[in-house]
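The next block holds one structure in the form of structure tokens; read it before the comments.
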Amino acid sequence: MTELVFGRPRSLTRVPMHYCPGCTHGVIHRLIAEVLDELGLQGRAVGVAPVGCAVFAYNYFNIDMYEASHGRAPAVATGAKRTHPELIVFTYQGDGDLASIGTAEIVHCANRGEKVTVVFVNNAVYGMTGGQMAPTTLAGQVTTTSPLGRDVEQAGYPVRMVEMLAALRTPAFLARVSVHSPARIIQAKAILRRAFEYQVKGTCFSMVEFLSTCPTNWGLTPPEACRWLETHMLPYYPLGIFKTPEGPERTPAPLESLPDARGVQAVPAAAAPTGANGETGE
Amino acid sequence: MARKLMKGNEAIGEAAIRAGCRFYFGYPITPQTEVAEYLARRLPEVGGTFVQAESEVAVPNMLYGAAGTGERVMTSTSSPGMSLMMEGLSYLAGAELPCVIVNVMRAGPGLGGILPSQGDYFQATKGGGHGDYRCPVLAPWSVQEVTDLVQDAFDLADFYRNPVLVLADGLIGQMMEPVEFQEDRRPCKALPDKRAWAARGWKGDRPRAIINSLFLDPEDLERHNRDLKAKYDAMVRDEVRFAEYGTDQDYEVLIVAYGTVARVCKTAQEDLAEAGVRVGLLRPITLFPFPYEAVRRAADKARAVLVVELSTGQMVEDVQMAVMGRRPVHFHGRQGGMLPSPEAVAEQVRAILRDHAAGPSARRRASRRGGAS
Ligand SMILES: Cc1ncc(C[n+]2csc(CCOP(=O)(O)OP(=O)(O)O)c2C)c(N)n1
């Protein structure tokens, strides 16, 4: 008898993926499926994939799936998780989706501490619509809507979402990983597994940002794209674990200890406004 | 159960709980915030969940996630919030997810005001969100009726796998009236089993649940559109609701009005009757599907039709479509939170009759009277 030592994860269907050659969406899909299999979650996992290159994720994950509108996956995940807390709910979002149109939804999903897992795929462009500038596009990076390179005077600096969410007080697990090399892929899977484990235990919100390649829209071959990620994205988007639910709170130095603040009196907090119908319609 | 004095907004909340809704997602906005406040208090008592969302953009997406697991879910809002929900509403309709959305309308456009209005009729009945969809729209005229309609809305939503809108004006939300909850209430529709499609984790015992509105293949999408159309046709065939007052007798003018405005018109009708002027009143309860046939039949018995609305004239277009030019259709509207008085409505009825007696050119003048038209 031969023993199967490597095969397709049960949590993936047999449908061939539509992704471009060298795109890392496929790798990330597989990592999710492997983690679901290993943790025995296929029967209670629910994925939410909004528009973006992964809009057809419901064809690939062999589990119950939602397709969601652009940016709103964290709200959809909130709805599903709140009705059935025993479900293991994850979103799969691009950087245009999560860091631009969906900023309100991701920030408040994280801040409410929804016990869901967010897989955030940062490829520094809007992939599906053909390579436009994303909030994560690097300074100087040429895209179809930044033909002279991203001008930070006009477009601001690329948004670092993990760092931004790490500033919230609500406990969370937040990490950034990459999938541009086999060693990084193995690491990424371990981190992703940890993110799902927090959800299984009901501990906290978890998000893993995956640095990802887009050879087609970057205009590079797949090996060149991996090198480009390494030389350009890694310095701006450091890999690591930025927040754990067990980790210490970020405590700033008290103002009084700073030289400029001498003589400044602490202002007592104003009494909370009372009255039920305070709104005037503004 | 004994009758209980309740504020409309609280009655909406209680009705949802009676209907088995255990999940509410919402964002505060006057004049319906008491629905959220009531449910924030009540839902935990019955093992339910209240979530204050970050915006009305997020709300219908939370409904999408929650309804997708097969639970009864709802939200409530007022006009500006309803505008923000249009994206999500279109997705809910496209993915065929049942849910109830209550819009306690306030005056617009823009930030407008916080007083009652019926300015969202077009938005509710003619689309609002993108794409080719319809939602049943239920329009209550009293606190008791909103209580009943909210419960029916959940049954209709489940039966048709479609969002159902309850379109109330600010008066319904704010006024207090006696309410009775029927203890042995039966669903108004046969309720389908949601387990066949709900996303509750796939264990291989059914096809995978895919909650989705994307159909990139045009043939597939057209088939989907036609399936939806068949559903909307069934609503048109089976769900039309309206009430008539004094239409079993002869009358000269037919008034058509919905929501609380119909109560003003009813008073006008009674006042006119005392003065010997006979008026019929037809009150649409479903705005989609609109009672076209009932309006046409009732209009045929009258010499002229008067539509009264808290808008510059929206439902009047459906009445014109129903009447198809067979009778003159006049309009009386107030805006901005102003309400028509029974006297003003009665006066316009008299003017219509006077001008009608005087001939066609005077009739044209009469149709332009009233607060606006
Ligand atoms: C409301 C709305 N605006 C715009 C679009 C068009 N759109 C589809 S995908 C997309 C960008 C996706 O980029 P990203 O989230 O970075 O994911 P990727 O495709 O790179 O995986 C846009 C703008 C849309 N579908 N809906």
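The values are calculated or read from the model by the stated rules, or taken from the named source; none is laboratory data. Treat the numbers as computed from the prediction; the structure is a model and nothing was measured. Don't worry about glycine lacking a Cβ; one is built from the backbone with ideal geometry, like all the others, and counts go over all protein chains shown. Accessible surface areas use protein heavy atoms only, side chains included; no ligands, DNA or RNA. Shrake-Rupley method; radii C 1.70, N 1.55, O 1.52, S 1.80 Å.
Details
- Residue in the stretch A:93-105 that is away from the ligand (no atom under 16 Å from the Cβ) and out of contact with any His (no Cβ under 7 Å at 6 or more places or on another chain) present: no
- Only a single criterion out of (1) open to solvent by 40 Å² or more (accessible area, probe 1.4 Å); (2) free of Cβ contacts under 8 Å to residues at least 60 places away in the same chain; (3) on the phi < 0 side of the Ramachandran plot; (4) away from the ligand (no atom under 16 Å from the Cβ) is not satisfied by A:Leu39, namely (2).
- Top-ranked residue of the stretch A:139-163 - restricted to ones that are without any contact (Cβ under 8 Å) to a residue 40 or more places away in the chain and not in a loop (DSSP other than H, G, I, E, B), ranked as surrounded by the most Cβ atoms within 10 Å (Cβ to Cβ): A:Ser146
- Filter result for B:Gly110 (closer than 16 Å to B:Ile29 by Cα, within 14 Å of chain A (Cβ to nearest Cβ), in a loop (DSSP other than H, G, I, E, B) and not charged (D, E, K, R)): yes
- Selection within the stretch A:164-185 - hydrophobic (A, V, I, L, M, F, W, C) and surrounded by 12 or more Cβ atoms within 10 Å (Cβ to Cβ): A:Met164, A:Leu165, A:Ala166, A:Leu168, A:Ala172, A:Phe173, A:Leu174, A:Ala175, A:Val177, A:Val179, A:Ile185
- When the stretch B:71-90 is filtered for residues that are at the interface with chain A (Cβ under 8 Å from one of its Cβ atoms) and open to solvent by less than 10 Å² (accessible area, probe 1.4 Å), the ones remaining, listed by number, are B:Val73, B:Gly88.
- Contacts under 8 angstrom Cβ, first residue in the stretch B:44-66 being farther than 13 Å from A:Gly71 by Cα and facing chain A (nearest Cβ under 7 Å), partner open to solvent by 10 Å² or more (accessible area, probe 1.4 Å) and part of a strand (DSSP E or B), 6 or more apart: B:Thr49/B:Phe23; B:Val51/B:Phe23; B:Ala66/B:Phe23
- Among residues of the stretch B:322-340 that are under 14 Å from B:Tyr292 (Cβ atoms), those with a beta-carbon under 8 Å from a residue that is of a type in the set (Ser, Thr, Tyr) at least six positions away or on a different chain give the pairs B:Ala322/B:Tyr292; B:Val329/B:Ser367.
- Number of the condition not met by B:Glu183 [criteria: (1) within 17 Å of B:Leu149 (Cβ to Cβ); (2) modelled with pLDDT under 95]: (1)
- Counting only strands (runs of 3 or more DSSP E) that fall entirely inside the stretch B:1-85 and contain at least 2 residues that are within 25 Å of A:Asn111 (Cα to Cα), the qualifying elements are B:23-26, B:49-52, B:73-77.
- Scanning the stretch B:127-140 for residues that are surrounded by fewer than 24 Cβ atoms within 10 Å (Cβ to Cβ) and at pLDDT below 95 turns up at least one hit.
- Applying the condition of being within 30 Å of A:Val89 (Cβ to Cβ) and not in a loop (DSSP other than H, G, I, E, B) to the stretch A:118-138 and asking which residue is nearest to the chain's Cα centre (by Cα) yields A:Phe120.
- Selection within the stretch A:110-142 - more than 16 Å from the ligand (Cβ to nearest atom), under 19 Å from A:Gln199 (Cα atoms) and in contact with a helix residue (DSSP H, G or I) (Cβ under 8 Å, 6 or more places away or on another chain): A:Ala110, A:Arg112, A:Glu114, A:Lys115, A:Val116, A:Thr117
- For A:Pro238: the one exception among (1) assigned to a loop (DSSP other than H, G, I, E, B); (2) open to solvent by less than 20 Å² (accessible area, probe 1.4 Å); (3) not aliphatic (A, V, I, L, M): (2)
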